[in-house]
1. Quick one: which residue in Ala255, Ala190, Ala196, Ala242 is farther than 30 Å from Lys296 by Cα and in contact with a helix residue (DSSP H, G or I) (Cβ under 8 Å, 6 or more places away or on another chain)?
2. Pull up region 233-266, narrow it to residues that are of a type outside the set (Asp, Glu), part of a helix (DSSP H, G or I) and touching a Pro at 6+ places or on another chain (Cβ under 9 Å), then point me to the one that is nearest to Leu280 (Cα to Cα).
3. Quick one: which residue in Ala462, Ala436 is out of contact with any strand residue (DSSP E or B) (no Cβ under 8 Å at 6 or more places or on another chain) and touching a residue at least 24 places away in the same chain (Cβ under 8 Å)?
4. Can we say Glu152 is in a helix (DSSP H, G or I), among the charged types (D, E, K, R), modelled with pLDDT of 85 or more and touching a helix residue (DSSP H, G or I) at 6+ places or on another chain (Cβ under 6 Å)?
5. Select from region 117-129 the residues that are within 26 Å of the chain's Cα centre (by Cα) and buried (at least 17 other Cβ atoms within 10 Å of the Cβ) and list them in ascending order.
6. Of these, Leu405, Leu412, which one is under 30 Å from the mean Cα position of the chain (by Cα), farther than 30 Å from Asn488 by Cα, surrounded by 15 or more Cβ atoms within 10 Å (Cβ to Cβ) and modelled with pLDDT under 95?
7. From the set of residues in region 493-513 that are surrounded by 22 or more Cβ atoms within 10 Å (Cβ to Cβ) and either in contact (Cβ under 8 Å) with a residue 24 or more places away in the chain or in contact with a His (Cβ under 6 Å, 6 or more places away or on another chain) (or both), which is nearest to His559 (Cα to Cα)?
8. Suppose the filter is outside any helix (DSSP H, G or I) and of a type in the set (D, E, K, R); does Asp125 pass it?
Amino acid sequence: MVSPRYSIRFLLKLSQALPLTLLLLSSSGCAENKTAPANHLPLSSSTSAATATVLSKEDGTDRSCSYFYFLWGRHAELEAKYDAALEAYEKALICDPDANFVISKLPSLLVRMNRRNEAATRLRDYLHSHPEEVGARMQLAQLLIDEGKLQEAAEQYRQAHELNPEDTAPLLLLSELHLSENKPEQAKAALQEVLARDNRSYPAHLLLARLLAAEGQLSQSIDHYQQAFSLNPLEGLQLEMAEVLIQQKKYRQTAKIYKELIAQDEQNEDARIGLIHTYLLQNKEQKAMKELKRLKELTGNPEQAELTVVKLYIRWEEYHKAIRLLKDILRKEKDLSEARYLLGALQFQQEKYKQVLKTLEQINAEAEEYEDGLSLQVRVLKELGREQEAIQRLETALKEQDNQLSPDVWLLLAGMYQDAEQDTACCKTFVRALTAYPDNEQILYAYGLFLDESGQKKQALAIMKKLLILNADHTGALNYIGYRWAENKINLNRAFLYLTRAKELKPENASIHDSLGWVYFQMGSLAEAVQSLKEAIAMEPDDPAVYEHLAAAQAASGHREAAKAAWQKALDLYNKQVAAAKSKRKREQAEKGRKRVKDKLAGLQDKEKK
């Protein structure tokens, strides 16, 4: 079942409209002029001296001029002439540098012009002199979220709430931010604070209901669902409540909800599927099949209705029932590719590999499930030790489909050649893939890593630089280039900037922390190097290369015993890699690492003897 999900921003949108109509209605007719004035808008002969005094400040700034340019800019902005609008707004600020109605408008315009950094800078400057402006803080928070600076965004929401405690919108957005960061406790605290101030907040009840359901606190979840439903009686909420009640095994209440929905709309497929689900969970198969028959009649697509039941069986891990029903479906409809793929997947789970191949081979090349079926066939052939046959199937598929298959198939084929250590064929596959998809980021990144692993460092670096031209925030490319520069002791300041950005984008990535630690090491910042490398190890404790880097930083810091322990850990991990290596290349790489670490330990011991 698919239930609607409502974004906090969507739920709040209607309450945040700006009173631009009032602003336009209050204009003095300046918009009728066809040409902007050089300095300011001259007052008409009928304008009184008192009005002139109001429009002009004692310090010489001219509000009438500023207002005119603002309206001029607003007109250009509405026509999507953003450069002209920006120029007009800036002239408005020359006339009156303190014109808040202009200052507050500029960040939104800069965002439309894709100049987000400038927008954020202007907002920060504005808040420095106007710290009480809640709207500006909310704008800045959204820009910070877009940049991946979630903690800074959260702080802006907190300050916005402190400035206006009665406005719960910042808290609601803060809770949504915490949920995106996977911080449920902090999200829950924010939502509970919202409800303490406004117990009739529909979005707070709804989000808290979902959060509690995810944590398994089902009774409390239902309470909040019911309160949300009393505030906004949507069908989607009833469907969500029913799902939670099913988890509580309260089948009578669940069936009641579904029956009510069906009474309101006989063609409600979600409710009918839910009712079938409820009956099957109670082993009331006759009632379930009766509802299934009605669903088939309503949809006019009986096979899809039966596939819904199959998926329910799969969800409950009743695979034998799912397989039996799938075979029944395929006897009636041999070309139903979704049923055939599901059957193949279940057969794979049972390790009936030959049956999998027989089932999936019959999926038509035009079917939506064709590529998934092809990938599963490759996996089966690998399990059977028939790698070359798997490669041939992929090559044949690409040839027959005239190279129109997705990038995933190309990457799968390249990976097969790489695992087989057929470097020439692998390289040619990447070249062919890039002919079909010249700007595909996944293919470029995988190609760059292949070139690096095969010893073609310069070519790999060139590919990664191309990738950054396409996507300046590609974390893999930022990390690769930053690390290579650090390894070669060049461009260290730029390497630091690249890796700092990568860390902002993916703060939990161990490889990025390792690379950043190595840059610190090469820059001579040993304490920072050790800290960053320890963070990398906490995230990925089984990478011997990180222990090597940590040992080097500790040794340079004069902590010989700690360095010795780190090198010994690296040696142990390299020994494990040598023993587990399934290819010659991986074994050779692990053996090189092992030799390198042994030499370091031997050198350390020699120094201790002296």
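The values are calculated or read from the model by the stated rules, or taken from the named source; none is laboratory data. These figures come from a predicted structure and were not determined experimentally. So basically every Cβ, Gly included, is an ideal-geometry build from the backbone, and we count neighbours across all protein chains shown.
1. Answer to the selection: Ala190.
2. Restricting to residues being of a type outside the set (Asp, Glu), part of a helix (DSSP H, G or I) and touching a Pro at 6+ places or on another chain (Cβ under 9 Å), the top hit is Leu239.
3. Only one candidate qualifies: Ala436.
4. yes
5. Ala119, Ala120, Leu123
6. Leu405
7. His513
8. no
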